[in-house]
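The values are calculated or read from the model by the stated rules, or taken from the named source; none is laboratory data. Because the structure is predicted, anything quoted here is derived from the model rather than measured. Cβ: placed from backbone, ideal geometry, glycine included. Neighbour counts: every protein chain shown. Calculation scope for accessible area: heavy atoms of the full protein, side chains included, ligands and nucleic acids excluded. Shrake-Rupley method; radii C 1.70, N 1.55, O 1.52, S 1.80 Å.
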Amino acid sequence: MKVRIQRSPHGLDAAWDTAFGARSFFSATPWLKHAYATAATAPYYFMGHEDDDLLAALPAHPLEADVPYVFCRPDFVLGRSHDVPWAGELMPALALGGRNPSHGKAAARDAGALRAVLEAAEERAREDGMRSVCFLYVDQDDEALRAALSGAGYTDLPFETAYSLAVPSAAEGGFDAYRARFGRETRRRIRRDLRALDTAGVTYRLEGLTGDLIDRIAPLELNLYAKYGTPADADAFRRVLHSIATHTGDTVRVLTAELDGKLAGFVLFFTHRGEMYARQTGYDYTVKGEVPLYFGLLYYELLQLAVAEGVTAIHYGTGSGNVKLSRGCVGRAQLAYVKAFDPVTADRVAELTLADHGADIPGEPGEPGEAREAREADLPA
């Protein structure tokens, strides 16, 4: 078995995407092409091959201390969830998995091949002068990857929860079956939301991510950041959207909501191998008023679209746990695996204990889900 290494996602083995399982869009080539186009240093793509048979696959992103993808940096993640003033000693770092703050994935048909690509990644990180290698946002139920990382000497630190919604098929009852999952009080809240949306005359439209649409939705997401005090570079944000439009192809779409003919809100999402990934949202608060567009867009209308398209799950990422649970999502713990190369820093990592607020950091009491998403927005991802 040989490990091959590429520095570009263009021309990756045709089997790359099919090698990954569920919740793997951010390790798939459409997203990797976007991450490559917006990276300061070219990523790595490790492949374990037996002749022409792909046995393991792993993307990896070199991150300097000043890269803006803060939720993918071990110094920020550990500094945020633990009281560690020395977290900067972990940078620069080689971040394994997709450059996105949830569901980090490696593909492996063979445990030995997985070990080999992890060893190759660590070797390359040391050669490049990195201070650590990390695999953040590993799903708790990804037993094969967790075993391989533990066996390679990584320290595992639980610190977050990602949320997903199982989509009932049309044959199972679709949206009616979704509502039937809840108790009386939540069903009443959903009916109230739907009635308010209908009374307000909300209309929805499904669109591709074009340049014209970027010009329309960008101010809405920037409104969201401004409302909740999240710093944002408007030009960088638009460049990210244009890169997503250019590189992710037909996996990306936008669901918009209008009130009285005016754009009031949107959700940008990806569809890949029968799963949806809701990633960005924004609102015109003057047009929206008190209409519950957050729930209308991200849950009710997106769910009905998922049912119609035969999608099996919608993934909502981390944050706003109470809100997401209230609309039927199930949480999946995300583990941060970190390996520092300096012995002193490695000992410090090994001694860490989970801070009280680290396992999940839901929105503040009474805070809408959109607030958490604004505070955690990894703008230039």
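Quick one: which of E143, E123, E127, E119 is over 19 Å from A93 (Cβ atoms), modelled with pLDDT of 95 or more, surrounded by fewer than 22 Cβ atoms within 10 Å (Cβ to Cβ) and among the charged types (D, E, K, R)?
Result of the check over E143, E123, E127, E119: E143.
Among the residues that make up region 70-81, is at least one of them crowded, with 19+ Cβ neighbours inside 10 Å, in contact with a His (Cβ under 6 Å, 6 or more places away or on another chain) and part of a loop (DSSP other than H, G, I, E, B)?
No, that holds for no residue.
Inside region 216-252, can you point out the residues that are modelled with pLDDT of 95 or more, over 20 Å from L293 (Cα atoms) and among the charged types (D, E, K, R)?
D250
In region 298-335, how many residues are open to solvent by less than 10 Å² (accessible area, probe 1.4 Å), over 20 Å from L197 (Cα atoms) and part of a helix (DSSP H, G or I)?
Count: 1.
Only one residue in A39, A14 is open to solvent by 50 Å² or more (accessible area, probe 1.4 Å), assigned to a loop (DSSP other than H, G, I, E, B) and of a type outside the set (V, I, T). Which one?
Step by step, each of A39, A14 is checked, and only A14 is open to solvent by 50 Å² or more (accessible area, probe 1.4 Å), assigned to a loop (DSSP other than H, G, I, E, B) and of a type outside the set (V, I, T).
With region 148-235 as the region, which helices (runs of 4 or more DSSP H) entirely inside it contain at least 3 residues that are of a type outside the set (S, T, Y) and in contact (Cβ under 8 Å) with a residue 60 or more places away in the chain?
Of the helices (runs of 4 or more DSSP H) lying wholly inside region 148-235, those with at least 3 residues that are of a type outside the set (S, T, Y) and in contact (Cβ under 8 Å) with a residue 60 or more places away in the chain span 184-200, 211-227.
Looking only at region 271-290, count how many residues are among the aromatic types (F, W, Y) and under 16 Å from L303 (Cβ atoms).
Adding up the residues that qualify gives 1.
Give me a count of the residues in region 254-286 that are open to solvent by 10 Å² or more (accessible area, probe 1.4 Å), touching a Ser or Thr at 6+ places or on another chain (Cβ under 7 Å) and in a strand (DSSP E or B).
Number satisfying all stated conditions: 5.
State all residues of region 256-272 that are more than 18 Å from the chain's Cα centre (by Cα) and of a type outside the set (D, E); if no residue qualifies, say none.
T256, A257, L259, G261, K262, L263, A264, G265
In region 88-144, which residues are among the aliphatic types (A, V, I, L, M) and under 20 Å from A40 (Cα atoms)?
L90, M91, A93, L94, A95, L96, A121, A125, M130, V133, L136
Quickly run through region 150-162 and pick out the residues that are modelled with pLDDT of 95 or more and buried (at least 24 other Cβ atoms within 10 Å of the Cβ).
Passing the criteria: Y154, A162.
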